[in-house]
1. Could you pull out every one of the aspartates and glutamates with an alpha carbon less than 18 Å from that of LYS273, ignoring same-chain neighbours closer than 8 positions?
2. Rounding to the nearest 10 and keeping the result within 0 to 90°, find how far the Cα-based axis of helix 228-242 lies from the longest principal axis of the chain.
3. Specify the residue with the greatest mean-square fluctuation among LYS294, LYS162, LYS120, computed from a Gaussian network of the chain linking alpha-carbon atoms under 10 Å apart.
4. Of the cross-linked pairs LYS131/LYS294; LYS245/LYS347; LYS162/LYS222; LYS227/LYS357, which ones have a Cα-Cα span greater than 24 Å in the structure shown?
5. Mind listing the long-range amide H neighbours of HIS6? Cut-off is under 5 Å, sequence gap 5 or more, other chains count too, H placed in the peptide plane at 1.01 Å from N.
6. How far apart, in nanometres, would the label points at ARG18 and SER60 be if each is projected 7 angstrom from Cα along the Cα-to-Cβ direction?
7. Could you give each residue of the range 154-167 its phi-based ³J(HN,Hα) in whole Hz, using Karplus coefficients 6.51, -1.76, 1.60 with θ = phi - 60°, and x for Gly or Pro?
8. Determine the shape class of the range 1-67: with a ≥ b ≥ c the square roots of the Cα gyration tensor eigenvalues, call it rounded for a/c under 1.5, and otherwise prolate if a/b is greater than b/c, oblate otherwise.
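Read-outs throughout are calculated quantities, based only on the coordinates presented, and are distinct from any laboratory measurement. Only a predicted model underlies this, so the values are computations on that prediction, with no experimental measurement involved. Cβ coordinates were reconstructed from backbone atoms using ideal geometry, including for glycine residues, and neighbour counts include every protein chain displayed.
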Amino acid sequence: MVSKPHGGKLVRKLMASRTRERVLEEINEFPRIEISERVAIDLENIAHGVYSPLSGFLCSDELENVLEYMRLPNDIPWTIPIILDVADRGEFDEGDAIVLYHHGQALARMYIDEIYGFDKSYLAEKVFGTKNVEHPGVAKVYRMENLLIGGEIELISEIPNKFERYTLRPIETRVLFRERKWESVVAFQTRNVPHLGHEYIQKSALMFVDGLFVNPVVGRKKSGDYKDEVILQAYEKLFEHYFPKNAAVLAIVRYEMRYAGPREAVHHAIMRKNFGCTHFIVGRDHAGVGNYYKPYDAQEIFNEFPDLGITPMFFWEFFYCRRCQAIVNERICPHSDKYRERFSGTKIREMLRRGEKPPEYFLRPEVYQVVKNFRDPFV
């Protein structure tokens with residue numbers, strides 16, 4: 001059976017059309033705040049229930065609980081702060097309703113429950129396990145403004161989405177999974193073109209569940225990553241040629257990575273639980289960056305959440321063994337490291353940049369052709 005939303009109820013914070021018309025007519029009467037693209041995407045994920053049970057940005061007691069205990073005050077697991085920072089109080093105060101804008105577009109009305117300060121160093125160390133500003137997530141924390149505002153939101157509109165045809169909301173995926181009679185669904189998060197290692201993990205998971213939900217993260221990426229359209233077209237080809245019909249669903253989630261390692265792995269699982277998934281694939285060094293986390297920290301943290309409500313699936317690293325002449329892992333391959341060709345996204349990207357065709361045990365020919373068809377497939 002499709003999993004229950006996190007917290008038991010799928011949050012929907014979309015402003016009713018008549019209310020929206022009235023608010024837009026009176027829009028200049030509300031104090032306004034300009035927000036970043038990252039916050040605009042968080043806003044959208046709150047409104048559509050991707051972040052259920054959140055109905056707005058965290059207040060101070062909620063933030064403290066998340067940082068200290070990785071739970072909301074009502075004991076529901078929650079690991080990543082969803083917060084809104086502002087430079088000063090401006091023309092608003094606690095109890096006011098304000099409108100949040102991005103590039104001049106009114107996105108949401110927010111009811112301010114609390115305006116409060118926070119310790120950036122403390123937040124960074126709790127979320128990322130380090131205060132080192134070389135960590136991209138820590139650096140962003142230190143660039144935040146000095147005040148936070150907490151309170152519920154109502155979505156007025158969304159920022160443009162050029163991948164609308166790949167977009168499914170949790171309320172839609174839940175219907176789709178039921179229509180396909182999938183009682184168990186495993187989610188796979190990705191920011192990369194699929195190589196054979198990814199495919200083998202996905203198919204290994206599919207042996208135990210009814211369906212696969214491939215849910216690429218789209219949005220801002222770091223230099224050298226694949227462009228979103230390359231990833232989506234590559235997965236379409238992979239499903240067309242190498243997966244049984246109706247075995248998998250492809251849909252995006254707009255989300256900006258925090259690179260918070262173990263904490264973010266749990267957050268990613270919660271998001272997919274809200275989409276209706278019953279299982280979530282947790283990779284080696286999931287949501288990691290640099291050497292800030294041990295390779296399997298993101299798997300071990302799930303031991304702290306027996307009440308999470310979605311089952312993590314852990315896999316050993318797959319590689320191609322020249323002696324076995326197959327894609328295998330350490331549990332089933334007896335041969336030494338000299339025979340092993342490890343799947344390295346960095347190595348594959350470097351080969352593609354040099355105009356080299358990766359071996360077919362790295363990349364399916366149809367996937368390679370998709371990448372090759374783009375003049376510049378990288379950000």
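1. ASP42, GLU44, ASP75, GLU172, GLU179, GLU183, ASP210, GLU264, GLU304, ASP307
2. 40
3. Evaluated over the chain, the most mobile residue of the options is LYS162.
4. Details: LYS131/LYS294 17 Å; LYS245/LYS347 31 Å; LYS162/LYS222 19 Å; LYS227/LYS357 19 Å.
Over 24 Å Cα-Cα: LYS245/LYS347.
5. ASN274
6. 3.9
7. 9, 7, 8, 7, 10, 5, x, 10, 6, 10, 4, 6, 9, 9
8. Working: a/c = 2.39, a/b = 1.42, b/c = 1.68.
Since a/c reaches 1.5 but b/c is at least a/b, the shape of the range 1-67 is classed as oblate.
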